[in-house]
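A.B. asks: Take this structure, written in structure tokens, and hold onto it; I'll ask about it next.
The values are calculated or read from the model by the stated rules, or taken from the named source; none is laboratory data. The structure displayed is predicted, hence computed values, not measured ones. All Cβ positions, even for glycine, are placed from backbone atoms using ideal geometry, and neighbour counts span all protein chains on display. Just so you know, the surface numbers come from the protein's heavy atoms only, side chains and all, with ligands and any DNA or RNA stripped out. Shrake-Rupley method; radii C 1.70, N 1.55, O 1.52, S 1.80 Å.
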Amino acid sequence: APFVELLGVMMDETLPHTVGEYGEWGNPHVESEVKCMAAYCPTYNVRASTEEYPAVLATSSLSDTRVPYWSVAKWVGKIRSGRGAEEGKSGNLSAGLRSQQRPTVLLGDREANHFGRGGTLGPLVEASIENAFLIKTTVS
């Protein structure tokens, strides 16, 4: 799963690895570091509704303790809603839906963990899903 909701995840000290990774990602309890973290946090940098995103397949796992599924869902929801970073800051929620022609898909996998599906067939299932998405979204 992509680490897309940096500030929200790093503020939750109950998650494993969070406090220990302040040195790498930043400490959300230090104001100067929060500004830096927000500058590279994907959720806080979704482009405005007038820009179209490429096709997105965001994968997540309900069993991932490092990147919670809700963080990926929040990022996908923000892309789908069409609210960019500036619109979210101003509180303007009337931007409407993005005129997105390419799909933004969230795949929540109950059988995977942070490292993906296990077993012999797990990686093959994941590769099949990813390849099918690429073929469907790039071949016209």
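A.B. asks: Within the bounds of the stretch 76-87, is there any residue that is over 14 Å from the mean Cα position of the chain (by Cα), modelled with pLDDT of 85 or more and not in a helix (DSSP H, G or I)?
C.D. replies: Checking the stretch 76-87: not a single residue is over 14 Å from the mean Cα position of the chain (by Cα), modelled with pLDDT of 85 or more and not in a helix (DSSP H, G or I).
A.B. asks: All but one of (1) open to solvent by 30 Å² or more (accessible area, probe 1.4 Å); (2) in a helix (DSSP H, G or I) hold for residue 47; state the number of the condition that does not hold.
C.D. replies: All conditions are met except number (2).
A.B. asks: In the list 21, 5, which residue meets the criterion of being buried (at least 19 other Cβ atoms within 10 Å of the Cβ) and out of contact with any strand residue (DSSP E or B) (no Cβ under 8 Å at 6 or more places or on another chain)?
C.D. replies: When all the criteria are applied, what remains is 5.
A.B. asks: Here is a further query. Could you look through the stretch 56-73, keep only residues that are within 23 Å of residue 101 (Cβ to Cβ), of a type outside the set (S, T, N, Q) and out of contact with any helix residue (DSSP H, G or I) (no Cβ under 6 Å at 6 or more places or on another chain), and pick out the one that is least open to solvent (accessible area, probe 1.4 Å)?
C.D. replies: Among those that are within 23 Å of residue 101 (Cβ to Cβ), of a type outside the set (S, T, N, Q) and out of contact with any helix residue (DSSP H, G or I) (no Cβ under 6 Å at 6 or more places or on another chain), it is 72.
A.B. asks: Can you tell me how many residues in the stretch 1-22 are more than 27 Å from residue 80 (Cα to Cα), at pLDDT below 90 and assigned to a helix (DSSP H, G or I)?
C.D. replies: 3
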